[in-house]
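The values are calculated or read from the model by the stated rules, or taken from the named source; none is laboratory data. From a predicted model like this one, the values you see are computed outputs, not experimental measurements. Cβ placement follows ideal geometry from the backbone for every residue including glycine, while neighbour counts extend to all protein chains displayed. The area values use the complete protein model at the heavy-atom level, side chains included, leaving out ligands, DNA and RNA. Shrake-Rupley method; radii C 1.70, N 1.55, O 1.52, S 1.80 Å.
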Amino acid sequence: AQSVAQPEDQVNVAEGNPLTVKCTYSVSGNPYLFWYVQYPNRGLQFLLKYITGDNLVKGSYGFEAEFNKSQTSFHLKKPSALVSDSALYFCAVRTDSNYQLIWGAGTKLIIKP
Amino acid sequence: SQTIHQWPATLVQPVGSPLSLECTVEGTSNPNLYWYRQAAGRGLQLLFYSVGIGQISSEVPQNLSASRPQDRQFILSSKKLLLSDSGFYLCAWSERVRNTIYFGEGSWLTVV
């Protein structure tokens, strides 16, 4: 069965430090990977995606993610965290044979001043 | 550019009453449309999706139904709400080829 795991329920980072939000996946076929961010009481906003090509993908708000096929991971990163990055982050995956997204459970990111 | 509108933003309804949440997309044609529910501020559950007018697929059997009367309009309905229908409902769309999903701002439903 296809699945996405976000192993950390919550991540705490000091402002100015680098941040990583982890995501691993299990699919049959080539994965298409996505990251979304959700601020309180708002809809999800698309951050970035990996379809093919360069394993390092750059997205909105200074975020980037690295696709690692051998580790089946797609971790979200940012070199220097801002307090305004505090939000709920979702990883999702689909394949070219199944266009429905499989969602992770979400990781709450808290950036402390 | 494309935009998605979803309303109402907040709704408090008594048990047994009907429900209608509406969603429209502008700036595109023939989109895929989706209704999601988010419970407890975390997990996303796909309720319905549609690839065209009148074409609705249900992912989870439940008290809700969806309709797509026009190309860019998607409606979530219930004839009689249950307490368990409370939650945050999100409409979303995607282009058929690119498949990145874009979400509306969501609707908070509280059934009392």
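Which residues, counting only those in the stretch A:24-56, are open to solvent by 70 Å² or more (accessible area, probe 1.4 Å) and among the hydroxyl-bearing types (S, T, Y)?
A:S28, A:T52
Tell me which residues, restricted to the stretch A:9-23, are more than 15 Å from A:Q71 (Cβ to Cβ), open to solvent by 50 Å² or more (accessible area, probe 1.4 Å) and more than 10 Å from chain B (Cβ to nearest Cβ).
Listed by number, the residues that qualify are A:Q10, A:N12, A:E15, A:N17, A:P18.
Kindly list the number of the only condition in (1) hydroxyl-bearing (S, T, Y); (2) within 27 Å of A:K49 (Cβ to Cβ); (3) modelled with pLDDT of 95 or more that fails for B:S78.
Result: B:S78 passes all but (2).
Of everything in the stretch A:31-56 that's of a type in the set (V, I, T) and without any contact (Cβ under 8 Å) to a residue 40 or more places away in the chain, which residue is farthest from A:N98 (Cα to Cα)?
Looking at the filtered set, the residue picked out is A:T52.
Could you tell me whether the stretch B:54-69 includes any residue that is modelled with pLDDT under 95 and within 16 Å of B:F103 (Cβ to Cβ)?
no
Could you list, in sequence order, all residues of the stretch A:5-41 that are of a type in the set (S, T, Y) and under 14 Å from the mean Cα position of the chain (by Cα)?
A:T20, A:T24, A:Y25, A:Y32, A:Y36
State all residues of the stretch B:83-101 that are among the hydroxyl-bearing types (S, T, Y) and at pLDDT 95 or above; if no residue qualifies, say none.
Result: B:Y89, single match.
For the structure I just gave you, tell me whether B:I4 is away from chain A (no Cβ under 14 Å) and of a type in the set (A, V, I, L, M).
Against the criterion (away from chain A (no Cβ under 14 Å) and of a type in the set (A, V, I, L, M)), B:I4 does not qualify.
Of a type outside the set (A, V, I, L, M) and crowded, with 17+ Cβ neighbours inside 10 Å: is that true of A:R94 in this structure?
yes
Do any strands (runs of 3 or more DSSP E) lying entirely in the stretch A:19-113 carry at least 3 residues that are of a type in the set (V, I, T) and in contact with a strand residue (DSSP E or B) (Cβ under 8 Å, 6 or more places away or on another chain), and which ones are they?
So the answer is A:107-112.
Are any residues in the stretch A:57-90 open to solvent by 70 Å² or more (accessible area, probe 1.4 Å) and without any contact (Cβ under 8 Å) to a residue 40 or more places away in the chain, and if so, which ones?
A:K58, A:Y61, A:E66, A:K69, A:S70, A:S84
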